[in-house]
1. Where does helix 110-119 land angle-wise versus the long Cα axis of the chain, in degrees 0 to 90, nearest 10?
2. Which percent, nearest 5, of DSSP beta bridges in the chain are antiparallel?
3. Over the Cα atoms of the chain, how large are the radius of gyration and the largest Cα-Cα distance (Dmax), in Å?
4. Give me the percent of the accessible area of region 104-230 that comes from carbon and sulfur atoms, probe 1.4 Å, all protein chains in place.
5. Using a/c under 1.5 as the rounded threshold, could you call region 117-230 rounded, prolate or oblate? The axes a ≥ b ≥ c are square roots of the C-alpha gyration tensor eigenvalues, and prolate needs a/b larger than b/c, oblate otherwise.
6. Please report, as a whole percent, how much of the solvent-accessible surface of region 14-65 comes from carbon and sulfur atoms (probe radius 1.4 Å).
7. Please build a GNM for the chain, connecting alpha carbons under 10 Å apart, and tell me which residue among GLU110, GLU216, GLU21 fluctuates the most.
8. Quick one: go through region 53-91 and flag any residue whose amide nitrogen is under 17 Å from the point 7 Å out along the Cα-to-Cβ line of ALA25.
Amino acid sequence: MSGADGSRYAETLGNFGLSEEDLAAWQQSGLPDEAFEDWLTDRIARRPSGARARAVYGAEDAHDFARRAILDALTLGPGDHLLEVGSGGGLLLRDALATGARVTGLDHSEDMVALARDRAPGAEVIHSTADALPFADESFTAVAMSVVFFLLDDPVGVLRGCRRVLRPGGLLAVYTTGPELRGTPAAPEPVASRGHFYADERLGELARRAGLGDVEVSNDRGGQLLLARA
Ligand SMILES: C[S@@+](CC[C@H](N)C(=O)[O-])C[C@H]1O[C@@H](n2cnc3c(N)ncnc32)[C@H](O)[C@@H]1O
């Protein structure tokens, strides 16, 4: 990489609050230049890692609007067992534990798993992928996803997995970003062009295709909440 390229990368990283540590991680990745935006998408959102990602996703205000909407919808309590897919920094897990529910998180980022274990002592947090949920059928009374769904390449496959691990009648709550927010600060480039955004009706259809019922989609200024039952 030339010095000019290095400073171009540093400038782009700086726009996302990333620093020397992240530039070094990119340089050490050995990936070709054309992979930079994919690498950056992973670093900041799709598989967050590094000090900045830990600070962002461990902060009290990290997607607090989505956390509130999901927990309000799920009305968890003792006797419930929640699975959060893509549990990030673990704040939803922490707040769910406070309801008396049993709580399990899953994430494919090792940094996020470590952070969630720190933020939500008492939760079980598993390093695994949403594409093959490592749980027995009908293990959970509720499943949540907060600002994860738009990153999934096989949304119906993941929703089928969620339905499988839910007990009959169990509730799924997914908070995701609508197409109207693509390219805004809620879903900036280069994440936006690698994400998947669905109109409300289409989002509901995906849930029905996965075999879920009682499907509802609400939309608050582009923040979509999908609710459905197994
Ligand atoms: C944008 S962050 C959101 C984190 C947290 N849910 C929140 O609302 O702050 C997306 C999270 O989903 C995880 N994730 C994305 N795709 C995943 C997959 N296929 N399997 C497991 N985790 C995934 C990422 O590692 C990351 O922690």
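The values are calculated or read from the model by the stated rules, or taken from the named source; none is laboratory data. Note that the structure is a prediction, hence the values are computed from the model and not measured. Don't worry about glycine lacking a Cβ; one is built from the backbone with ideal geometry, like all the others, and counts go over all protein chains shown. These accessible areas exclude ligands, DNA and RNA; they are computed on the full protein's heavy atoms, side chains included. Shrake-Rupley method; radii C 1.70, N 1.55, O 1.52, S 1.80 Å.
1. So the helix axis and the longest Cα principal axis differ by about 60 degrees.
2. Details: 13 of 33 bridges.
Within the chain, antiparallel bridges account for around 40 percent of the total.
3. 17.8, 58
4. Numbers: 2570 of 5510 Å².
Exposed carbon and sulfur together represent 47 percent of the surface.
5. oblate
6. Reported share for carbon and sulfur atoms: 48 percent.
7. Between GLU110, GLU216, GLU21, it is GLU21 that shows the largest mean-square fluctuation.
8. 53-59, 87-90
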